[in-house]
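None of the figures in this text is laboratory data; all of them are computed from the coordinates on show. Note that the structure is a prediction, hence the values are computed from the model and not measured. Cβ placement follows ideal geometry from the backbone for every residue including glycine, while neighbour counts extend to all protein chains displayed.
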Amino acid sequence: MERAPELRRLAVIGAGAWGTALSIVLAPRFERVRLWVYESDLARRIREIRENDLYLPGARIPDNVEATAELSEALEEADVVVGAMPSHAARALWSRMARHLQPATALVSATKGLELDTLLRISQVIEDVIDGSSHARVAVLSGPSFAPEVARGDPAALVVASHDAALTASLQAAFSGPTLRLYRNADPVGVELGAALKNVIAIGAGIAHGLGLGGNTLAALVTRGLAEITRLALAMGGKPSTLAGLAGLGDLVLTCTGTLSRNRSLGIELARGRRLEEILASRRTVAEGVNTARAALLLAAQHDVDLPICRQVHAVLFEGKEPGRAVRELMERSLKEE
């Protein structure tokens, strides 16, 4: 597959596991990749040992990936900027980046979450802070993708979505390679909501696993969780086909079943009696489903959509509800058609 000739220089903003993995897998597709690292000492170590020993240990970072803690340096002459920061940091970082961005630069959000204060999707946050209403140069990247597997070259398939078909085609050509296959999508609403809400359902899947429940429970949770995500996405303008694809069902299945899932592991710890504050304090990485559980219920109220699984996950996270009781209440809801 040929690289799109106009996209030669890539900036990845955020050197957590996902941002680092993207810089590794995309390095052969670009002449130059600059990886922005929040921690200046980590940026120095990456330059010295060619490894992100804090967030993605064991994965070698290619020589054409330049780690820097200077945002202006990372963005200099970039044709594509990929944001891989946590959702709570997105507005502040994109605001800092705005004055360094050129009108022709392709902006890609790889953040799987929502802005809690505004309930905006991250692509909307980007459009807001760059002071423009056009969707033309903003896209989103999502799909089933654990960072360590992507970094070591396991085949993966993702979705790139935008209202601009030419942009998605260009990014698809630029990013796709021997181990990463991209599909185009014209529904960023569905893609971003699927990416965000699957994390809430994954916390529920972890709770079920931590309670010792088996495959029957998990299958029901995934299926009905997808129904919840789809209801909200459709109410907000998404398309059902998106939620049946990689950014919906695909990512949901991975996050609910994979042992590398941060949100699933958080649910397991909740079911075993640990408090949320204790779990979060012991982690270096972010479980996006925690804040998304709050945002999901607020969006559901705005759009008059019922999200029973998300509601019970929220109750366990923030209302002190005992996990076993949450499962019982889901099972004892009024009976209805599928």
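Points worth noting:
- Our note on the geometry: Cα centres of the stretch 143-179 and the stretch 285-338, 31 Å apart.
- Cβ-based exposure ranking for THR259, THR118, THR111, in which fewest neighbours within 10 Å come first: THR259, THR118, THR111
- Axial C-alpha extent at least 27 Å, average Kyte-Doolittle at least 0.0 - helices from the chain (DSSP): 188-210, 215-235
- In summary, the lysines within cross-link reach of LYS239, defined as a Cα separation below 20 angstrom excluding same-chain residues under 8 places away, comprise LYS112, LYS198.
- The Cα-based radius of gyration and maximum Cα-Cα distance (Dmax) for the stretch 214-338 are 14.6, 43 Å.
- 5 Å binning of all Cα-Cα separations within the stretch 1-138, expressed as whole percents from 0 upward: 2, 11, 22, 23, 19, 14, 7, 2, 0
- Relative compactness, the stretch 107-183, computed as alpha-carbon Rg over 2.2 N^0.38 Å: 1.19
- Here is the size of the chain from its Cα atoms: Rg then Dmax, 19.4, 61 Å.
- Antiparallel content of DSSP bridges confined to the chain, in %, to 5: 20 percent
- Calculated log₁₀ intensity ratio I(q)/I(0) where the Debye formula runs over C-alpha points of the stretch 161-211, q = 0.22 Å⁻¹: -0.80
- Alpha-carbon centroid distance for the pair the stretch 237-255 / the stretch 19-86, whole angstrom: 29 Å
- For the stretch 22-102, convex hull volume per residue from C-alpha positions, Å³: 94 Å³
- Sorted largest first, the spans of the alpha carbon positions of the stretch 62-153 along the three principal axes are 37, 30, 24 Å.
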